[in-house]
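Undergrad: Have a look at this one.
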Amino acid sequence: CGRDFNLDSPKQLQEVLYERLKLPVLKKTPKGQPSTAEPALQALSAHHPMVQEILRYRSLSKLRSTYTSRLPENISSDTGRVHTSYQQAVTVTGRLSSSRPNLQNIPIRTAEGRRVRQAFVAPKDCCIMAADYSQIELRIMAHLSEDQQLLADFAAGVDIHQATAAQ
């Protein structure tokens, strides 16, 4: 863009994108300022190649600050490995949550996120298991209420939200 600026500064990014490069203001903050939030930058990415680089920087920066630089802090002194902790009574929805580190939030859509996930390797003669308790609360409700339609829909593998909306 012809000048140095701090990529982590929304104010400096606003100045570069909207004043210096004269990109269109597609979204605004609640205070009326041109937005530098990810959805706004995604929308702007077609207008200037630098915006794509800013989005890439943010993605890599988040991976580094949230995961790769934090993983060493979570290595068990007993095993020399990283072990997450699971809690069920933390989320409002009652779903399991993972912490120290939060393995559920490591991105899988980007190549870099998948590379971070490759750091997790099971010990010899063990495996890492992923389990998705899809709509577990609705499944329990169907079982307890003995709702024949819900039970039939779950047994048939139907998208339960679509089936309920259709009824």
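The values are calculated or read from the model by the stated rules, or taken from the named source; none is laboratory data. Note that the structure is a prediction, hence the values are computed from the model and not measured. As a convention, Cβ positions derive from the backbone with ideal geometry for all residues, glycine included, and neighbour counts pool all protein chains shown. Surface accessibility is based on the protein's heavy atoms, side chains included, excluding ligands, DNA and RNA. Shrake-Rupley method; radii C 1.70, N 1.55, O 1.52, S 1.80 Å.
Undergrad: Please provide three numbers in whole Å: the alpha-carbon extents of the stretch 10-97 along the principal axes, with the largest listed first.
TA: Taking max minus min along each principal axis of the Cα atoms, the stretch 10-97 gives 56, 30, 21 Å.
Undergrad: Expressed as a whole percentage, what fraction of the accessible surface of the stretch 27-78 belongs to carbon and sulfur atoms when a 1.4 Å probe is rolled over the protein heavy atoms?
TA: 51
Undergrad: Compute the whole-percent fraction of alpha carbon pairs in the stretch 33-84 spaced more than 16 Å apart.
TA: 55
Undergrad: In addition: Sort out for me the Cα centre separation of the stretch 25-78 from the stretch 130-162, rounded to whole Å.
TA: Taking the Cα centre of the stretch 130-162 as reference, the centre of the stretch 25-78 is 36 Å away.
Undergrad: If you don't mind, another one. Give me P(r) over the stretch 1-61, computed from all C-alpha to C-alpha distances, binned every 10 Å, as integer percentages.
TA: Percent of Cα pairs in each bin: 22, 64, 14.
Undergrad: Any chance you could count the Lys pairs in the chain whose alpha carbons are under 18 Å apart, treating pairs 8 or more apart or on different chains as valid?
TA: 4
Undergrad: For the chain, report the convex hull volume of the alpha-carbon atoms normalised per residue, in Å³, without decimals.
TA: That works out to 223 Å³ per residue.
Undergrad: So if I place +1 on the C-beta of Lys and Arg and -1 on the C-beta of Asp and Glu, and nothing else carries charge, what would the dipole magnitude of the chain be about its Cα centre? I want it in debye, nearest 20.
TA: 860
Undergrad: So which trypsin sites (Lys or Arg not before Pro) in the stretch 59-167 end up in coil per DSSP with only 14 or fewer other C-beta atoms within 10 Å?
TA: For trypsin sites (Lys or Arg not before Pro) across the stretch 59-167 that sit outside H, G, I, E and B with at most 14 neighbouring Cβ atoms in 10 Å, the list reads Arg70, Arg81, Arg95, Arg109, Lys124.
Undergrad: Related question: Mind checking the per residue accessible area of the stretch 27-117 for me, 1.4 Å probe, whole number of Å²?
TA: Solvent-accessible surface per residue comes out at 70 Å².
Undergrad: Ok, one more. For the chain, what's the relative contact order in percent, using C-alpha pairs closer than 8 Å and at least 6 residues apart?
TA: 9
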